[in-house]
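The values are calculated or read from the model by the stated rules, or taken from the named source; none is laboratory data. These numbers were taken from a predicted model, which means no experiment stands behind them. A quick note on method: Cβ atoms are made from the backbone with ideal geometry, for glycine too, and the neighbour counts reach across all protein chains shown.
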Amino acid sequence: MESTFTFPTTEAACEAAARFVVEQAQRAVQQRGRFVISLSGGTSPRRLYEYLAQVPYRDQVPWPQVVVFWGDERCVPAQDERNNARMAREALLEQVPVPSSQVFQVPTELAPGQAAQTYEQTLRDFWQGTSPRFDLVLLGLGEDAHTASLFPGTEVLAETERWVREVPKEGEYRITLTPPLLNEARNVLFLVTGSAKAEVLRTLPMAPYQPDTYPVQLIRPTDGNTYWYLDEAAAGG
């Protein structure tokens, strides 16, 4: 199932996304005893995380049962301001009682290939042979139709077996979860805001299936739901 919701402002979209995270966390813990989420980087996710760190939302999430991974990461030191995990720590994770043993950051101190292999092994160890299903994957959308670090024309788009890959991008590397893993998710939430995203959002519904050009087309959960939360600027309103 795929659903799209448009909100009047970026703030409204981010707060609605916070409510959605709360609902999914409560449901997952009630049904399965834990809530496994994959976080994303970017300006809008930061605002979402700030909402989750504030009352009333922070008091509504069963934080001791939350398990955190990242959908992608830049290969920069953990304290670098471009590091997605640093942003999430500052905006959310340092403000709420998530056990540190349940927060799994990409080991960016390693070489890119080794970091990808190590993170994949961490994921495989976590699921221990069971179906690797995130309860919720948070994603964004780039003006070039990329999501996570799945960029147009990159080798990772053809990946069918690996869960994590390193991706060269503009002179540096990124680590990304791959479509075979992302598509196991129970729920995927795309949070897309700002007028810069309006053109790609206008193009995608009419575009042919060409994931080498439009990588976001690869994200189609096998047995899960996809939600798009947009502000009016992104929706072209």
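From the list S195, S149, pick out the single residue that is more than 18 Å from the chain's Cα centre (by Cα) and in contact (Cβ under 8 Å) with a residue 24 or more places away in the chain.
S195
Just wondering, is there one or more residues in the stretch 30-42 that are of a type outside the set (A, V, I, L, M), more than 12 Å from the chain's Cα centre (by Cα) and at pLDDT below 95?
For the stretch 30-42, residues of a type outside the set (A, V, I, L, M), more than 12 Å from the chain's Cα centre (by Cα) and at pLDDT below 95: absent.
Filter the stretch 48-67 down to the residues that are within 14 Å of the chain's Cα centre (by Cα) and crowded, with 20+ Cβ neighbours inside 10 Å, then identify the one that is nearest to V106 (Cα to Cα).
Within the stretch 48-67, the match that is nearest to V106 (Cα to Cα) is Y49.
Within the stretch 99-200, considering only strands (runs of 3 or more DSSP E) that don't extend past its boundaries, which have at least 1 residues that are within 22 Å of R27 (Cα to Cα), of a type outside the set (D, E) and touching a Leu at 6+ places or on another chain (Cβ under 7 Å)?
In the stretch 99-200, 136-139, 187-192 are the strands (runs of 3 or more DSSP E) which contain 1 or more residues that are within 22 Å of R27 (Cα to Cα), of a type outside the set (D, E) and touching a Leu at 6+ places or on another chain (Cβ under 7 Å).
If you go through the stretch 48-68 one residue at a time, do you hit one that is acidic (D, E), in a strand (DSSP E or B) and on the phi < 0 side of the Ramachandran plot?
Within the stretch 48-68, none of the residues are acidic (D, E), in a strand (DSSP E or B) and on the phi < 0 side of the Ramachandran plot.
Right, T10: surrounded by 16 or more Cβ atoms within 10 Å (Cβ to Cβ), over 26 Å from G237 (Cβ atoms), more than 15 Å from the chain's Cα centre (by Cα) and touching a residue at least 60 places away in the same chain (Cβ under 8 Å) or not?
So T10 does not fit the description; no.
Would you be able to tell me the number of residues in the stretch 201-237 that are in a helix (DSSP H, G or I) and charged (D, E, K, R)?
Qualifying residue count for the region: 2.
Pick out the one residue from Q24, Q114 that is more than 15 Å from N187 (Cα to Cα) and of a type outside the set (S, T, Y).
Q114
For (1) among the β-branched types (V, I, T); (2) buried (at least 18 other Cβ atoms within 10 Å of the Cβ), each residue gets a yes or a no:
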position	(1), (2)
A85	no, yes
A115	no, yes
R124	no, no
S131	no, no
D144	no, no
V164	yes, yes
R174	no, yes
A185	no, yes
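What's the total number of residues in the stretch 28-39 that are surrounded by fewer than 15 Cβ atoms within 10 Å (Cβ to Cβ) and in a helix (DSSP H, G or I)?
Total meeting the criteria: 3.
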